[in-house]
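Undergrad: Let me give you the structure first, and then I'll get to my questions.
The values are calculated or read from the model by the stated rules, or taken from the named source; none is laboratory data. This structure is a prediction, so every number in the text was calculated from the model and none was measured. Cβ placement follows ideal geometry from the backbone for every residue including glycine, while neighbour counts extend to all protein chains displayed. With ligands, DNA and RNA removed, areas are computed over all heavy atoms of the protein, side chains included. Shrake-Rupley method; radii C 1.70, N 1.55, O 1.52, S 1.80 Å.
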Amino acid sequence: MNKSTIILLTALLQAPLAALHAADAPPIGKPNIVYILCDDLGYGDVHCLGGMRSKIATPNMDKLASQGMTFTEAHSSSAVCTPSRYSILTGRYNWRSTLQKGVLQGSSAPLMPKK
């Protein structure tokens with residue numbers, strides 16, 4: 001397995017576990033929202049969405065999906081990670097940032113100004 005696959009699998013396994021741990025807390029009357037953003041994850045890769053053709057066993061994500069709502073249609077103004085994450089975090093159209101194409105590298109300056 002390459003490094004990016006290992007990172008993806010780690011993220012897929014840790015996010016549901018954190019959400020399940022948080023579910024043990026007393027209810028506060030507001031809905032809990034778990035937003036999972038993964039690079040290069042196909043619709044059928046998660047067992048609760050792809051069924052038996054799923055390539056990865058995802059029991060914790062299956063449990064989250066069975067106990068809550070699963071949204072299966074979404075749209076993005078970009079097919080790559082940096083602009084998509086920028087839009088999610090800021091609520092702004094991603095290509096109006098200083099990044100006009102492509103993605104940032106790990107050592108790049110941040111797109112969002114410090115306030």
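Undergrad: At 0.890 mPa s and 25 °C, plugging the Kirkwood radius over alpha-carbon pairs of the range 39-91 into Stokes-Einstein gives what diffusion coefficient in µm²/s?
TA: Details: Rh = 12.7 Å.
D, rounded to a whole number, is 193 µm²/s.
Undergrad: Could you give the length gained by full extension between Ser107 and Leu89, i.e. 0.36 nm per residue of separation minus their alpha carbon distance, to one decimal place?
TA: Here the segment from Ser107 to Leu89 would lengthen by 4.5 nm.
Undergrad: Here's another thing I want to ask about it. Could you tally the net charge around His47, taking each other residue with its Cβ under 15 Å from the Cβ of His47, Lys/Arg +1 and Asp/Glu -1?
TA: That works out to +1.
Undergrad: Which residues' amide hydrogens lie under 5 Å from the amide hydrogen of Leu104, considering only partners 5 or more residues apart or on another chain, with H built in the peptide plane?
TA: Thr82
Undergrad: Could I ask something else about it? Could you state the per residue volume, in Å³, of the convex hull enclosing the Cα atoms of the range 57-115?
TA: With only Cα atoms used, the range 57-115 gives 160 Å³ per residue.
Undergrad: If packing is taken as the mean number of other Cβ atoms within 10 Å per residue, what is the order of 75-84, 101-110, highest first?
TA: 75-84, 101-110
Undergrad: List the chymotrypsin sites (Phe, Trp or Tyr not before Pro) within the range 83-115 that fall in a DSSP loop (any state other than H, G, I, E or B) and whose Cβ has at most 13 other Cβ atoms within 10 Å.
TA: Numbers: sites: Tyr86, Tyr93, Trp95; in loops: Tyr93.
Here the sparse-neighbourhood loop sites are Tyr93.
Undergrad: Ordering Lys63, Lys30 by accessible area with a probe of 1.4 Å, largest first, what comes out? Before the final figure, lay out each step's value.
TA: Details: Lys63 95, Lys30 150 Å².
Result of the area sort, largest leading: Lys30, Lys63.
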